[in-house]
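The values are calculated or read from the model by the stated rules, or taken from the named source; none is laboratory data. None of the values given here were measured: they were computed from a predicted structure. Here the Cβ positions follow ideal geometry from the backbone for every residue, glycine too, while neighbour counts run over all protein chains shown. Heavy atoms of the whole protein, side chains included, go into the accessibility calculation; ligands, DNA and RNA do not. Shrake-Rupley method; radii C 1.70, N 1.55, O 1.52, S 1.80 Å.
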Amino acid sequence: MQDSSTQSRIENFIVLVENLQKSYKRGSEEICVLQGIDLTIRRGEFVALMGPSGSGKTTLLNLIAGIDRPDAGRLLVAGTDIMRLGDVDLARWRATHVGFIFQFYNLLPVLTGIENVELPLLLRGLSRKKRREHAMLALDLVGLTDRVHHYPRELSGGQQQRVAIARAIVTDPDLIVADEPTGDLDKKSASEALDLMEQLNQDFGKTIIMVTHDPKAAEKAGIIHHLDKGRMDR
Amino acid sequence: MELLKLILRNTLRQRLRAILTILGMAVAILAFCLLRTVVDAWYGGVAAASPNRLVTRNAVSLIFPMPISYRQKILRVPDVAQVAYANWFGGVYIDERHFFARMAIGPKNFFDLFPEFLISPDQLRAFWSQRNACVAGRKLIDQYGWKLGDTITMTGNIYPGEWQFVLRGIYRGANKNTDETQFFFRWDYLDEVLKKSVAYESGQAGWYIVQVKNPSLAGATSRAIDSLFENSWAETLTETEKAFQMSFVSMTEAILIAIRIVSLVVIGVILVVLANTMAMTARERMSEYAILKTLGFGNRFVFTLIAGESITIAMLGGILGMLLSLPVAQVFSKELGAILPVFEIGWQTFFMSFAISCIIGFLAALLPAWRASRVRIAEALGHIG
């Protein structure tokens, strides 16, 4: 049983990280990537995680998004202690609660734009018609309704990232995580992608956690956290 | 439905690789079909054997004949309905490469014992009314372009001399597995010539064909026939036609085993080739599998995706191989007609080929699919960029 103050902390924050530890084995050597990380993020916040390469920011993002598991600590996301979930439940949890945006878009090349956006909805048991409607809505939101039947190879980098953003929001997740979303884009496309994320945060109240090297990108976020050598800078 | 779409699109993604693998699979299945059919064809005589026919031969060896008088004695055995006889003629037609079975047969009821040889009554009458007449199977007629009334000359090797036969009948097979490459002429013609040239060889039959009324008593009937000739100078060995045919096949058992092993080796080789292709494919797409898992798709979905692609490639190759085997088998049938008279790919072989294709597809996907389903998402995404 949790006491009332803990319960209230859980309800206030969409992300609650306490004393998080993560290390990887490289051969016989154990590399400590994150140590003693404490972090809280409220619903509707736009948070940027910054830091030099190897500082552990992508690892922290992966842990929060439930695509990797910490060694120790506490990790509550969207009201769920995700460390306690088994692989199958964790996959279901991700499908429901988290939207993902990656640096290299990571669209499936054999699917068209709209099919890529529809992909997460296949796990929802919706009819084909409903899936199409939801996907079109998401693509409309990112301003890409004219290229829905194009394959990723037929789209520019900026357009592909917009499809990826549409895929991230199509299930209406509690949390959107973005790993260097502008890292592979030209200036104009990067600015458009950031504007889109800002719009999702401000107009739709989406909580966004973004890993970035780019100070200009970080400016869009209301809160910036710095990591260095696996620790959060105070 | 969406999964199927994804599998099909993934299959055709690396076109050249997919086509080459499908062709490889097709060639393997083609080879498997042909090799299996060679084995089946080898057993063709066994398969075509009738349960109500027994064969009585000299107990020492088939090459030793028996007196023609045995027929009357065998006819008196209870449960025996009819008895006919035959001699292996051998001989050479054109040259030794043109091989087909040539036999002297008698008496007039011979074809009554073989209802699977369909011959018109007119032609049968013509055959029995001319001493040097002959009857040939449809496939021989097609192969050599013979017509009724043609004179066919052969050089004897077991029975020396130039032998001339007049074609008076053509038989067709009642069943698919009936041998249509045999050549029959009259035993009394052979006997007449032998009486003039090598008299001590006349009046003898190579083997007797015994039709029984009740196939379930074949064992007892066989023993009864053989007991008639115990302690004679030509003791007999009577067995079912199937066992008689089997004795020829068992002489070449080692070859058949070798053919079976080769057919399995071919399957093994293509399994390794397809497994390698799938391992390469899965390795290249590891980041995509990671994305699917990130989006919430489970390990089973990823496993099905890879296994489905592998099975699709294997099945397409298998079906292509089976389709190709039909015309190739026809060519084989034409070329090997005399040695393997019934060379037709059976449904059992097709069914087995299809099942093997599916199993190969599944087995080839096992390791890469297992690896992809076990890979950690963060690790696989780390490969990106």
Review point. Could you give the distance between the Cα centres of region A:11-42 and region B:1-33, to the whole Å?
Key: 45
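Report the B-A buried area as the accessible area lost on both sides summed, probe 1.4 Å, in Å² to the nearest 100. Numbers along the way, then the final one.
Values: alone 19370 and 11690 Å², together 28990 Å².
Using a 1.4 Å probe on protein heavy atoms, the buried area is about 2100 Å².
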Point to revise | Electrostatic dipole magnitude of chain A [Cβ: Lys, Arg +1; Asp, Glu -1; Cα centre; debye, to 20] | key: 400
Study note, to complete from the structure: Spelling it out for A:LEU227: with amide H atoms placed in the peptide plane at 1.01 Å from N, the residues 5 or more places away or on another chain with amide H under 5 Å from its amide H are A:MET50, A:GLY51, A:ASP233
Exercise for review: For region B:85-98, just list the computed ³J(HN,Hα) in residue order, Karplus coefficients 6.51, -1.76 and 1.60, θ = phi - 60°, integers in Hz, with x standing in for Gly and Pro.
Suggested key: 9, 8, 10, 6, 8, x, x, 10, 10, 6, 8, 5, 6, 8
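At R0 = 30 Å, how high is the FRET efficiency between B:LEU8 and A:HIS149 if r is their beta carbon distance? Nearest 0.05 is fine. Don't jump to the answer; show the numbers that get you there.
Details: r = 18 Å, r/R0 = 0.59.
Efficiency computed from Cβ-Cβ geometry: 0.95.
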Point to revise | For region A:146-225 versus region B:143-220, the gap between their alpha-carbon centres in whole angstrom | key: 89
Revision key, fill the gap. Once phi for every residue in region A:17-22 is put through the Karplus expression 6.51 cos²θ - 1.76 cosθ + 1.60 (θ = phi - 60°), the whole-Hz ³J(HN,Hα) values, with Gly and Pro written as x, are 10, 10, 6, 6, 10, 8
Check your understanding: Just how far, in whole angstrom, is region B:262-328 from region B:351-380 if you go by their alpha carbon centroids?
Key -> 6
Review point. At what distance in nm do the modelled label points of B:VAL92 and B:ALA258 sit from each other, each positioned 7 Å from its Cα along Cα→Cβ?
Key: 2.6
**Study point:** Vicinal HN-Hα couplings computed from phi for region B:114-127 (Karplus, 6.51 cos²θ - 1.76 cosθ + 1.60; Hz; Gly/Pro x)
**Key:** 10, x, 6, 8, 8, 9, 5, x, 4, 5, 5, 4, 4, 5
Review point. Roughly what % of DSSP beta bridges within chain A run antiparallel, to the nearest 5?
Key: 55
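Considering only region B:54-209, what is the antiparallel percent among its DSSP beta bridges, to the nearest 5?
Values: 25 of 35 bridges.
In region B:54-209, DSSP labels about 70 percent of beta bridges as antiparallel.
For chain B, what is the mean residue ellipticity at 222 nm derived from helices alone (per DSSP H run of n ≥ 4: -39500 (n - 2.57); sum divided by total residues; nearest 500 deg cm²/dmol)?
Computed ellipticity for chain B at 222 nm equals -18000 deg cm²/dmol.
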Study note, to complete from the structure: Here, A:ASP195 and B:ALA220, labelled 7 Å along Cα→Cβ, have an inter-label distance in nm of 10.2
Practice item. Could you pull out every residue, at least 5 positions away or on a different chain, whose amide H is within less than 5 Å of the one on A:HIS150? Hs are placed 1.01 Å off N in the peptide plane, and Pro or chain starts have none. Key: A:GLY113, A:ILE114
**Study point:** Farthest positive-ward along the protein assembly as shown dipole, Cα basis, beta-carbon charges - from B:THR238, A:THR40, B:PHE350
**Key:** B:THR238
Practice item. State in Å² the accessible area per residue of chain A; use a 1.4 Å probe, count heavy atoms of protein chains only, and round to the nearest integer. Key: 46
Review point. Does anything in region B:254-292 have its amide N under 18 Å from the 7 Å Cα→Cβ label point of B:LEU336, and if so which residues?
Key: B:254-267
Review point. About its Cα centre, what dipole magnitude does the protein assembly as shown give when the only charges are +1 on Lys and Arg Cβ and -1 on Asp and Glu Cβ, stated in debye to the nearest 20?
Key: 700
Practice item. Report the residues of region B:224-266 in range of a label on B:LYS73: point 7 Å along Cα→C-beta, backbone N strictly under 18 Å from it. Key: B:224-239
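Using Cα pairs closer than 8 Å and at least 6 residues apart in sequence, work out the relative contact order for chain B, in percent.
Working: 642 pairs, mean separation 111.0, N = 385.
The value is 29 percent.
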Exercise for review: First compute the accessible area of region A:73-141 with a 1.4 Å probe, then give the percent of it belonging to carbon and sulfur atoms.
Suggested key: 54
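Roughly how crowded by other chains is peptide B:296-308, in terms of the mean Cβ count from those chains within 10 Å of each of its Cβ atoms?
Taking the mean over all residues of the peptide, I get 3.
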Exercise for review: Could you work out the mean count of beta carbons from other protein chains within 10 Å of each residue's beta carbon in A:64-73?
Suggested key: 2
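Place a +1 charge on the Cβ of each Lys and Arg in region B:278-385 and a -1 charge on the Cβ of each Asp and Glu, then give the dipole magnitude about the Cα centre in debye, rounded to the nearest 20.
Values: 8 positive and 6 negative charges, 92 e Å.
My answer is approximately 440 debye.
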Practice item. Could you work out how far apart the two model spin labels at B:THR153 and B:ALA355 are, taking each label as a point 7 Å from the Cα in the direction of the beta carbon, and quote it in nm? Key: 5.4
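What value, in deg cm²/dmol to 500, does the helix sum -39500 (n - 2.57) over DSSP H runs of n ≥ 4 give at 222 nm once divided by the residues of chain A?
Values: 8 runs with 86 residues, N = 234.
That comes out to -11000 deg cm²/dmol.
If you take each beta carbon of peptide A:105-111 and count the beta carbons of other chains within 10 angstrom, what is the mean? Walk me through the intermediate numbers first.
Numbers: counts 2, 9, 2, 8, 5, 11, 4.
Other-chain Cβ atoms within 10 Å of each residue's Cβ, averaged: 6.
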Practice item. Please list the non-local residues whose amide H lies under 5 Å from the amide H of A:ASP71, H modeled 1.01 Å from N, same-chain partners needing a gap of 5 or more. Key: A:GLN21, A:LYS22, A:SER23
**Study point:** Within the protein assembly as shown, percent of DSSP bridges classed antiparallel, to nearest 5
**Key:** 65
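Ignoring ligands, DNA and RNA, please state the percent of accessible area on region B:182-279 from carbon and sulfur, probe 1.4 Å. It would help to have the intermediate numbers written out before the result.
Details: 3140 of 4890 Å².
Carbon plus sulfur share of accessible area: 64 percent.
Which entries of B:LYS176/B:LYS213; A:LYS57/A:LYS216; B:LYS139/B:LYS195; A:LYS57/A:LYS220; A:LYS220/B:LYS293 have Cα-Cα distances beyond 23 Å here? If you can, show how the numbers build up before the last one.
Details: B:LYS176/B:LYS213 25 Å; A:LYS57/A:LYS216 17 Å; B:LYS139/B:LYS195 33 Å; A:LYS57/A:LYS220 18 Å; A:LYS220/B:LYS293 29 Å.
Pairs exceeding 23 Å: B:LYS176/B:LYS213; B:LYS139/B:LYS195; A:LYS220/B:LYS293.
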